[in-house]
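Novice: Here it is: the structure, laid out below.
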Amino acid sequence: MSLDYFLTVSVFTMINTILALSLNILIGYAGQVSLGHAAFFGIGAYASAVLTVKFGLDYWLALLFSILVSGLIGLLLGLPALRVKEDFLVLATIGINFVVVSVFNYVKFFGGPYGILGLPRPKLFGIVFNTKIYALYVLIWTTVVFFLVRYISNTYLKLGFDTLRENEDAAESVGVSSARYKMYAFAMAGLMAGLAGNLWAHYMTVVFPDNFSFPVSIGILTMVVVGGVGTLFGPVVGAVLITFLPELLRFARDYRMLIYGFIIVFTMFFMPKGIVGSMKERIFGETPLGRKYIEKVRRVTGS
């Protein structure tokens, strides 16, 4: 394995880690199951592509605006969550993913199926980020997002999410506004996914609608579920496993995706709380809250 290849896979792994951490806030913390997370990922990527390629904006300003745009649209797209729950929310988020990809596909401004080409790599003090520098740059952002989520995990905001996740009516009865906390969750997930989209787009230097389609949303959800829904390290473990595993199985050529699928099914059957969640259960014992939520996620996702 060459160094450039290893760094490229590492960059994708770290970007997937940011995506998995952002989705975990939505489904693991706030209990809002989403199958359309790739929409936020795509909005961040396309926002930065439009700003840098079509309007000639500097990368660093485009980074800021793409994150804000994703967060704002995440906030707006979170509105359906105020009216629908569980299975209906899943369908609504799937629909959002299809709508966003269709806009990218059929609106000429976004380049249609040919996408937007020629995104610039970031540069600082006149130095254009090559693969090594870009990997370090993504590592810094991944670390920032990880510690931000860790900080959120120890705040009253997380307690509000926990209450919302377990029982919305009970949350309202103790003064936790379910509408406000749902909007917080969607906005935060949108901000982080938008950052991931920006990092991905400027590494690849091209964006196409199919890069943000429904299967990508399923892939992000798989990382969270396999790693451990609602845990801090679970999405990280899931992102590393799901990103690296297909590469490690290249020796099996045509059978690697079959083996990959079997490993995921095996994990779900024998470690239903995900790798980290099951390990925590073995070490600290099973908790009623964890058991109830995992059953809820498995039911609505059909996993």
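Novice: Report ³J(HN,Hα) in whole Hz for each residue of region 141-150, in order, from the Karplus equation J = 6.51 cos²θ - 1.76 cosθ + 1.60 where θ = phi - 60°; Gly and Pro get x.
Specialist: With the stated coefficients, region 141-150 comes to 5, 4, 5, 4, 5, 4, 6, 5, 5, 4 Hz.
Novice: When the convex hull of the C-alpha atoms of region 135-220 is computed, what volume per residue in Å³ does it have? Numbers along the way, then the final one.
Specialist: Details: hull volume 9.4 nm³, N = 86.
Output value, Cα hull per residue: 110 Å³.
Novice: Hey, got the dipole for region 76-135? About the Cα centre, +1 on K and R Cβ, -1 on D and E Cβ, debye to the nearest 20?
Specialist: Roughly 320 debye, rounded to the nearest 20.
Novice: Taking amide hydrogens as modeled 1.01 Å from N in the peptide plane, which residues meet the under 5 Å criterion relative to V206, leaving out close sequence neighbours?
Specialist: Here L119 satisfy the definition.
Novice: Rounded to the nearest 0.05, what FRET efficiency do M268 and F125 give with R0 = 35 Å and r taken as the Cβ-Cβ distance? Could you check?
Specialist: 0.15
Novice: While we're looking at this one, here's another question. Give a residue-ordered list of calculated ³J(HN,Hα) values for region 39-51 (Karplus: 6.51 cos²θ - 1.76 cosθ + 1.60, θ = phi - 60°; whole Hz; x for Gly, Pro).
Specialist: 4, 5, 4, x, 4, x, 5, 5, 4, 5, 5, 5, 5
Novice: Also, quick follow-up: So, with a 1.4 angstrom probe, what is the percent of accessible area on region 46-154 that is carbon and sulfur?
Specialist: Here carbon and sulfur together make up 73 percent of the probe-accessible area.
Novice: Between L75 and L61, what is the label-point separation in nm under the 7 Å Cα-to-beta-carbon projection?
Specialist: 2.2
Novice: Quote the accessible area belonging to F6 in square angstrom, nearest 10, computed with a 1.4 Å probe and with ligands, DNA and RNA left uncounted.
Specialist: Counting only protein heavy atoms, F6 exposes about 90 Å² to solvent.
Novice: Quick check for me: using +1 on Lys/Arg Cβ and -1 on Asp/Glu Cβ, what's the dipole size of the chain about its Cα centre, in debye to the nearest 20? Don't jump to the answer; show the numbers that get you there.
Specialist: On the way: 23 positive and 15 negative charges, 44 e Å.
Approximately 220 debye in magnitude.
Novice: Give the relative contact order (percent, whole number) for the chain; include only Cα pairs under 8 Å separated by 6+ residues.
Specialist: Numbers: 475 pairs, mean separation 97.4, N = 303.
Relative contact order for the chain comes out at 32 percent.
Novice: In µm²/s, what is D for region 100-179 at 10 °C and 1.306 mPa s, where D = kT/(6 pi eta Rh) by Stokes-Einstein and Rh is the Kirkwood radius from Cα pairs?
Specialist: On the way: Rh = 17.1 Å.
Approximately 93 µm²/s, per Stokes-Einstein.
Novice: Sticking with this one: In bins 10 Å wide, starting from 0, what share of all Cα pairs of the chain does each bin hold, as a percent?
Specialist: Over the chain, the share of Cα pairs per 10 Å bin runs 6, 28, 35, 23, 7, 1 percent.
Novice: Taking the 0 to 90 degree range and rounding to the nearest ten, how far is the long axis of helix 256-270 tilted relative to the main principal axis of the chain, both from C-alpha atoms?
Specialist: Tilt of helix 256-270: around 20 degrees.
Novice: Run the numbers for K54 and F244: contour at 0.36 nm per residue of separation, minus the present Cα-Cα distance, in nm.
Specialist: 65.0 nm
Novice: So how tilted is helix 3-24 from the main axis of the chain? Cα-based, degrees 0 to 90, rounded to 10.
Specialist: 40
Novice: As a test of reading the structure, rank D162, D58 by solvent-accessible area (1.4 Å probe, protein chains only), most first.
Specialist: D58, D162
Novice: Let me ask something additional. Residue-wise, which Karplus ³J(HN,Hα) couplings in Hz belong to region 219-236, taking 6.51 cos²θ - 1.76 cosθ + 1.60, θ = phi - 60°, and x for glycine or proline?
Specialist: x, 5, 4, 4, 4, 5, 5, 5, x, x, 5, x, 9, 6, 8, x, x, 5
Novice: Per the helix-only calculation at 222 nm, which mean residue ellipticity applies to the chain, given -39500 (n - 2.57) for every DSSP H run of n ≥ 4 and division by its residues, nearest 500 deg cm²/dmol?
Specialist: After summing the helix terms and dividing by the residues of the chain, the value is -23000 deg cm²/dmol.
Novice: Here's another thing I want to ask about it. Could you do me a favour and compute the accessible area per residue for the chain, 1.4 Å probe, result in Å²? Present the calculation step by step, with values, prior to reporting the outcome.
Specialist: Working: 14520 Å² over 303 residues.
Computed with neighbouring chains in place, this is 48 Å² per residue.
Novice: How big, on average over all directions, is the shadow cast by the Cα convex hull of region 186-279, in nm²?
Specialist: Reported value for the Cα convex hull: 7.2 nm².
The values are calculated or read from the model by the stated rules, or taken from the named source; none is laboratory data. Quick caveat, the model's predicted, so the values are computed rather than measured. All Cβ positions, glycine included, derive from the backbone under ideal geometry; neighbour counts span all protein chains shown. In case anyone asks, the SASA skips ligands and DNA or RNA and just uses the protein heavy atoms, side chains included. Shrake-Rupley method; radii C 1.70, N 1.55, O 1.52, S 1.80 Å.
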